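A short write-up of the structure that comes next.
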Amino acid sequence: FGGYAQNDKLLARYGVNVCQVFHDSPAWVSKDRFGFPDDLVSLYRFTETAGRDFDGGVQAWEFWNEQDAPNNLPGWIFAAAQKAAYLGFKAANPDLNVLVGSNCIHPTPRFMEVMMENGAGEYFDTYNFHVYKTVGEFQGIVAEKREFLKRFGLDEKPMWVTENGCVTEGTARRDPILPGTRLREHDTQQEHMQADYLIQAQVTFQRLGVARDFFFVFKPYNEYDDGKAWGIIRWDWTVKPAYAGLATLTTLLGEAECLGRYNTGPGVDATLYQQPDGEQRLVFWSTSDAGKTFRLPMQSGDVQMTDLTGRPVKTWKAKKRLELTATGHPQYVLGLHNLRATDAPPSPRPEKAAPAMDKTIVLQID
């Protein structure tokens, strides 16, 4: 596996786990007009080999990418391949987390229903989808996915968002900084929009019960005639505010439990977290461009507010009430106690007993 295997070893050395995806197939396993593997035995052998050889940091595997996008691929064809891929991975290592191929259309299209009607639900551990929408749309999307899984008796499956990127900033407005290229860059305003979105997305998805949210994307990367910049690192390898925001989010909340939404009144989105030692932390932002003031109950110790990069904004000594101003940029309040969330994230449902069936028999209509 060449450079992929080398990356796996390097990431494992530093304790970084990986969700790996593969997409496309050589012509000798893809004889039909869809360019999709119809040689299921070869697909099984490939995933068994990959599952065995990537034994370092790869903890999860995703078969294919956005197969529900309009491409004339029938759902029953994909279902058969999902089964073969799953069986290969599990033959290599029964503990591997196998994801369903990523769903990118919202609401969930008929293609995904056909997959489930053809038995694909028994051949994945985690439901996986991609989201390139505004943060305000997340709640509706997650609720619809949960209802979709429930219809097929799969509502105990965890949900991962394996691609989630900011699109509201539009085409990058800054000229290329890499000589001889057309790779445009975000300007300062766009960089801050991306940073705000990253923090808001991570917090919101966690509060809605999504187990993982993979932000698109870490390294410099451009699409659409090099006009759309995605990375949280620039092409000269300096970091954007979103990079500092992600580091701060991990530092401040990486070990904390998400308690759920905290009611501050209209116009503010706030989520309450609790550290292992009992200290509580609040991350919040205004849901409009206008600033919004709200209050918190009396606190017994020192309280500090920071911006999304961790820089202190304000510190209070113990007093009766705290008055905070929310803006469109996420901020954190540290040192809180005795606050209660108004609604907790959905609790993971216990996995159902596997039905008595021989999963090794896979049929494919030819």
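Below are the figures for this structure:
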read-out	value
Close pairs from the range 59-83: first on the phi > 0 side of the Ramachandran plot, partner modelled with pLDDT under 95 and open to solvent by 50 Å² or more (accessible area, probe 1.4 Å), Cβ under 6 Å, at least 6 apart	Trp64/His23
Subset of the range 255-300 that is at pLDDT 95 or above, in contact with a His (Cβ under 8 Å, 6 or more places away or on another chain) and of a type outside the set (Asp, Glu) - its residue that is nearest to Val135 (Cα to Cα)	Trp285
Residues of the range 180-195 satisfying the condition of being open to solvent by 20 Å² or more (accessible area, probe 1.4 Å) and either assigned to a loop (DSSP other than H, G, I, E, B) or touching a strand residue (DSSP E or B) at 6+ places or on another chain (Cβ under 7 Å) (or both)	Gly180, Thr181, Arg182, Leu183, Arg184, Asp187
Residue selected from the range 28-76 under the condition charged (D, E, K, R) and buried (at least 17 other Cβ atoms within 10 Å of the Cβ), by the criterion nearest to Gly88 (Cα to Cα)	Glu48
Count of the range 145-156 residues which are closer than 14 Å to His106 by Cα and surrounded by fewer than 13 Cβ atoms within 10 Å (Cβ to Cβ)	1
Of the criteria (1) aliphatic (A, V, I, L, M); (2) in contact (Cβ under 8 Å) with a residue 60 or more places away in the chain; (3) open to solvent by 60 Å² or more (accessible area, probe 1.4 Å), which one Leu208 fails	(3)
Residue ID - nearest to the chain's Cα centre (by Cα), chosen from residues in the range 2-52 that are part of a helix (DSSP H, G or I) and among the charged types (D, E, K, R)	Asp8
Leading residue by the ranking (farthest from Lys240 (Cα to Cα)) among those in the range 302-357 that are of a type in the set (Asp, Glu) and not in a loop (DSSP other than H, G, I, E, B)	Asp343
Tally of residues being of a type outside the set (Ser, Thr, Tyr), open to solvent by less than 70 Å² (accessible area, probe 1.4 Å) and assigned to a loop (DSSP other than H, G, I, E, B) across the range 243-293	9
Residue in the range 226-234 that is aromatic (Phe, Trp, Tyr) and not in a helix (DSSP H, G or I) present	yes
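The values are calculated or read from the model by the stated rules, or taken from the named source; none is laboratory data. Bear in mind the structure is a predicted one, so any value in this text is a computation, not a measurement. With ideal geometry, Cβ positions are generated from the backbone for all residues, glycine too; neighbour counts draw on all protein chains shown. What goes into the accessible areas is simple: the full protein's heavy atoms, side chains included, and nothing from ligands, DNA or RNA. Shrake-Rupley method; radii C 1.70, N 1.55, O 1.52, S 1.80 Å.
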